[in-house]
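Report on the structure given below.
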Amino acid sequence: MADKQYIYQVARIRSKEMELLTGQNIQQLLASDSYDSCLRVLSDRGWDVSSGDADTILAIQRQNTWALMEELVEDISVFDVFLYQNDFHNLKAAIKQVCTQEHFQDIYIPDGTVEPQQIEQAVSQRDFGALPPRMQKAAQEAFTALLRTGDGQLCDVIIDSACLAAILQAGRDSGDALILAYAELTVAAADIKTAVRCQRTGKELDFLKRALVPCDSLDAAQLAAAAADSEEAIYSYLERTAYAPGVEALRQSSAAFERWCDDLMMQRIRPQLHNAFTIGPLAAYILARENEEKTVRIILSGKKNHLDESAVAERVRDMYV
Amino acid sequence: MSNMGIVFAILGAALAALLAGAGSAVGVGMTGEAAAGVVTEDPSKFGKVLLLQLLPGTQGIYGLLIAFMTLSQIGVLGGSAEMSLAKGLMYFAACLPMAIVGYWSAIRQARVSVAGIHMVSKKPDQMGKGMIFAAMVETYAILALLVSLLAVTGIGGLNI
């Protein structure tokens, strides 16, 4: 994949990048006096807002992005890594539903690499071999753990760490620097957030070691030891890593840190705006659309709930273009 | 051995047409892909991207010119096609600048043109700059053409 040239595809993406929301558009959205005027701004930018419902509007945007990728790339599986989190979320939901023997509505995320029904069927029939190899072991382990202990958190930790390990492996296997960078940052950010959360809830070192996934930019053992010690120890460890600039955001709140991570991702993918030949710009476009979706969701939800503009502005992300 | 002169001369002509032509074919193919991508999204940019697509095609024309001149000079297209080994090797060497520089410059120029086409997709008014960037690479193809042309035409007058 790294050697293949994507000249036609990148040229189409260059034109599509013109449709992405800019920082100026985000300011316009923020300055809009109501939810409806936000929709008008989005409509002017070519969004289908006819439903009037934020979830539907964003789902249409997501569908359009993936439809474009399916049109451009012969083997769409190169982008599966971006959907792994949805798959593992669905696995978590299916295991909990089957174990509690209850039926919940709308617990699955539709955009994954595996159909939610397939996951639910595999879990309900204990046929974990029907799942993709990356999910099998975690599914079996989490299912058994939940049945035996009834500990939902343990089930979550098993699946979340398997998800992060799968993302990292896919990034390494991709042969593309951008997908690897995405995988690395996703895992590192999740590790940091988990470490802080575990520290605040007083988790043991063994639990931390199980929850944190080793990656190249963080030493999971050191992070776990720091989290078992104190919050300051986590900050002190992070100051010695590539994530030192994020410590200030982490001290503020986990929402601020999430925003910092998303901004860092945009910063790392921005050079793809000048890459003319590889799959990088396509992957960057998907991430840019995801980032845009996240920001628009925050703004629309803020407008709908009449939140203060400054409170919403704190949460908006930097745009790709 | 007495016929080897003409063999080398024809080999040189063939290489000039072959390598420069191959470079242009690859280059125009690359730029064509990029142009098609832009036109898929915005058909009104066809004229602008077409110009950038054509730029890497010139090397193939230069190669053809050198091949034609060489074949003409050595008498293959009419007259006597006999020459010494030394003269044949000289024709061969004379064709090499166009063959090698033609091949590489076409491909490198294509990369610049692809970037230019991407620039036009976002900023159509900047097409001129995109063409200038690509035309810079053309300079070296023209220099090679000149050297090959002067050498091929000059060798005929040498008494070897």
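Numbers at a glance
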| item | result |
| --- | --- |
| Theoretical FRET efficiency, 1/(1+(r/R0)^6), r = Cβ-Cβ of A:ASP36 and A:LEU147, R0 56 Å, to 0.05 | 0.70 |
| Compactness of segment A:192-321, expressed as Rg and Dmax over alpha-carbon positions, Å | 17.1, 49 |
| Heavy-atom accessible area ranking, 1.4 Å probe, most first, across A:VAL81, B:VAL101 | B:VAL101, A:VAL81 |
| Those residues of segment A:244-285 for which accessible area with every protein chain present is at least 50 Å² below the isolated value (1.4 Å probe) | A:PHE277 |
| Ellipsoid equivalent to the protein assembly as shown - semi-axes via the Cα gyration tensor, in Å | 59, 27, 21 |
| Carbon and sulfur %, accessible surface of segment B:4-155 computed with the full protein complex present, 1.4 Å | 76 |
| Top positive-direction residue, dipole computed over segment A:170-303 with Cβ charges, set A:ALA288, A:ALA190, A:ASN275 | A:ALA288 |
| Extended-chain gain in nm, criterion 0.36 nm per residue less alpha-carbon gap, A:ARG197 and A:GLN121 | 24.1 nm |
| Accessible area per residue in Å² at 1.4 Å probe, computed on the protein assembly as shown | 46 |
| Interface B:A - total buried accessible surface [probe 1.4 Å, Å², rounded to 100] | 1300 |
| Within segment B:4-155: Cβ-based charge dipole about Cα centre, in debye rounded to nearest 20 (Lys, Arg +1; Asp, Glu -1) | 280 |
| Residue-level accessible surface for B:TRP104, protein heavy atoms, 1.4 Å, Å² | 140 |
| Whole-percent pair-distance distribution, where bins are 5 Å wide, for the alpha carbons of segment B:4-155 | 2, 12, 19, 17, 13, 11, 9, 7, 5, 3, 2, 0 |
| Solvent-accessible area of A:ARG259 with every protein chain in place, 1.4 Å probe, in Å² to the nearest 10 | 60 |
| Where B:HIS118, A:HIS306 fall by accessible area, highest first, once all protein chains stay in place (1.4 Å) | A:HIS306, B:HIS118 |
| Spatial separation of Cα centroids for segment B:80-124 and segment A:1-68, in angstrom | 43 |
| Cα gyration tensor shape for segment A:247-321, rounded if a/c is under 1.5, else prolate or oblate | oblate |
| Whether segment A:1-93 is rounded, prolate or oblate, judged on the alpha carbon gyration tensor where a/c under 1.5 counts as rounded | oblate |
| Pairs beyond 22 Å (Cα-Cα), from A:LYS16/B:LYS48; A:LYS137/A:LYS294; A:LYS16/A:LYS193 | A:LYS137/A:LYS294; A:LYS16/A:LYS193 |
| Residues in segment A:1-40 that, when all protein chains are in place, have 40 Å² or more less accessible area than the chain alone would give (probe 1.4 Å) | A:ILE7, A:TYR8, A:ALA11, A:ARG12, A:ARG14, A:SER15, A:MET18 |
| Span per principal axis, largest first, for the Cα atoms of segment A:113-197 (Å) | 39, 30, 17 |
| Accessible-area order (highest first, 1.4 angstrom probe) of the listed residues A:TYR35, A:TYR243 | A:TYR35, A:TYR243 |
| Long-range Cα-Cα pairs in segment A:61-173 (distance over 21 Å), rounded percent | 37 |
| Heavy-atom accessible surface of chain A: percent carbon and sulfur, 1.4 Å | 46 |
| Cα→Cβ-extended label distance, 7 Å offset, between A:ASP106 and A:ALA221, nm | 4.6 |
| Drop in accessible area of at least 20 Å² in the complex versus isolated chain, residues of segment B:89-116, 1.4 Å probe | B:ARG111, B:VAL114 |
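The values are calculated or read from the model by the stated rules, or taken from the named source; none is laboratory data. Not measured: the values here are computed from a predicted model. Cβ coordinates were reconstructed from backbone atoms using ideal geometry, including for glycine residues, and neighbour counts include every protein chain displayed. For the accessible areas, the whole protein counts, side chains as well, though only heavy atoms, and no ligand, DNA or RNA atoms are used. Shrake-Rupley method; radii C 1.70, N 1.55, O 1.52, S 1.80 Å.
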